[in-house]
Amino acid sequence: MNNKNSIYLLGLFALCLSFTSCLKDSCEETRHFVEFEAIFAHPNDFRIEPDFFDDRKLELPGKIYYYDNKIMINERYEGIHIYDNTDPSNPAKLGFLAIPGNLDVAIKNNIMYADSYVDLLTIDVSDLENPSLLCRDEEVFNVYSWRDDRRGYYVGTKETDRVIEIDCSEPNFGDNFFWRGGNVFLDDAMLANNAEATGGGVPRANEITGVGGSFARFSVIEDFLYVINTRELVAYDLEAPTKPIRKETTPVDWNIETLFAYEDHLFIGGNNGMFIYDRTDPAAPSYVSEFRHARACDPVYVKDDIAYVTLRNGTTCQNFINQLDVIDVSNISSPQLIESFDMEHPHGLTVRDNNVYICEGQFGLKVFENDDLKKIGDKRIEHIEDLHAYDAISLASDHLLVIGNDGLYQYDTSDPSDLKVISYLSSEPSK
């Protein structure tokens with residue numbers, strides 16, 4: 001090697017060292033990530049008969065469902081707490097229906113349809129203390145599509161005490177979450193904004209069906225049950241309600257979350273937008289239109305040809321939007337945004353008369369008048385701050401159910417600007 005080439009290589013090496021040093025010196029920012037352990041459920045552990053227990057504490061409230069004067073509160077991934085609400089001022093605990101992996105239910109004429117991780121169960125609950133499993137349709141819900149032969153289905157994560165710090169030189173620095181060593185790591189700043197812990201049809205004569213909140217994934221309409229998984233709408237024929245027949249499975253979009261039935265249409269809320277399907281052929285709903293928005297979690301509620309969609313941020317939603325979208329769906333083929341309103345951290349919602357009830361997570365429950373759809377955000381008439389509110393069901397013009405991490409509240413809404421507590425069922429999280 002001649003002297004000229006040697007000097008050139010030494011200069012290049014020095015430049016590389018200098019550049020690396022500059023990179024190192026400029027990489028002063030760090031981020032903290034919390035480790036979550038992967039959880040698996042083996043079919044031998046959840047493909048069992050549902051059981052009924054006289055007593056079990058309400059610890060992790062999930063979704064709510066109302067059926068035949070009974071309040072049903074999901075205990076996340078465990079089953080359903082059932083209360084007799086004949087006297088709303090003093091709801092009486094009837095017991096707990098244990099269903100491993102359960103999040104959603106729908107009921108028609110004492111036949112319950114419930115998820116159990118990947119499966120859809122049909123359960124006779126005419127005698128609550130002796131539930132009878134009538135049918136199990138396996139692998140309906142593809143959110144748990146990853147399966148390990150030894151451990152079973154991957155069903156979620158559990159937070160650990162481990163926190164790691166990474167700096168901006170690492171490839172995962174710009175991610176909100178990443179996988180490593182079989183576990184997932186979530187940005188703790190995003191976790192602070194994530195408060196995670198839904199739609200029904202009009203019953204015909206001689207039929208008793210229930211109603212869910214705005215986070216429901218199930219809906220019973222006449223002789224059909226509709227359920228959604230993470231990307232598909234699945235229709236079941238209930239002509240023989242004790243043995244649902246799976247009909248069409250319709251692809252919708254990635255990360256769909258909620259299902260709301262309105263007139264002859266199904267409104268599906270997803271991370272990327274609201275999707276509308278026509279059920280003229282109830283066995284095979286057909287796509288009509290959609291309303292796209294920035295990536296966000298979004299329950300949908302529809303009344304009087306107006307769709308109310310809440311968008312919020314958080315770990316699973318991967319955005320920084322907190323707002324209410326009000327959309328005109330009178331022309332079902334072409335939804336039009338009327339107005340968007342800033343919110344704090346909106347979750348579920350319901351509409352009754354001229355009022356919109358919005359659950360704002362850790363920011364409580366808010367009530368807005370909607371007589372002027374372009375000014376809803378300026379017409380807040382009530383704000384209850386001392387509760388966590390996840391979802392709501394309006395049972396009547398003077399009766400509202402609200403569920404959150406704290407438990408279940410029942411409110412007298414005779415005066416929407418001055419809500420009165422009727423009763424409260426508190427949760428008791430395990431320490």
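What follows draws every value from the coordinates through simple rules; no lab data is involved. Keep in mind that this is a model prediction, so the values were computed, not measured. A quick note on method: Cβ atoms are made from the backbone with ideal geometry, for glycine too, and the neighbour counts reach across all protein chains shown.
Count Lys and Arg as plus one, Asp and Glu as minus one, and take only other residues whose Cβ is under 10 Å from that of D104; the net charge is then +1.
Just want the answer: with Cβ charges of +1 for Lys and Arg and -1 for Asp and Glu, which residue in F33, P91, P244 is farthest toward the dipole's positive end in the chain? Highest projection toward the positive end goes to F33. Among 280-290, 399-409, the peptide with the highest mean count of other Cβ atoms within 10 Å heads the list, and the full ranking is 399-409, 280-290. Going through (i) 24, 49, 24, 3, 0; (ii) 28, 59, 13, 0; (iii) 24, 54, 15, 5, 1, the figure that equals P(r) over Cα pairs in 20 Å bins from 0, in percent as computed for the structure here is (iii).
Only one residue of S423, Y390, L311 has its Cα farthest out toward the positive end of the dipole of region 291-431, where Lys and Arg carry +1 and Asp and Glu -1 on Cβ, and that residue is L311. Within region 346-431, the GluC sites (Glu not before Pro) that combine a DSSP coil assignment with at most 11 other C-beta atoms in a 10 angstrom radius are E385.
Going by a ≥ b ≥ c, the root eigenvalues of the Cα gyration tensor, does region 341-431 fall in the rounded group (a/c under 1.5), the prolate group (a/b larger than b/c) or the oblate group? Verdict is oblate for region 341-431. Simple point charges give the picture: +1 on the Cβ of Lys and Arg, -1 on the Cβ of Asp and Glu, and for the chain a dipole about the Cα centre of about 1140 debye.
For a quick check of your reading of the filter: which chymotrypsin sites (Phe, Trp or Tyr not before Pro) in region 126-176 sit in a DSSP loop and have no more than 16 other Cβ atoms within 10 Å? Sites meeting the loop and neighbour criteria: W146, F173.
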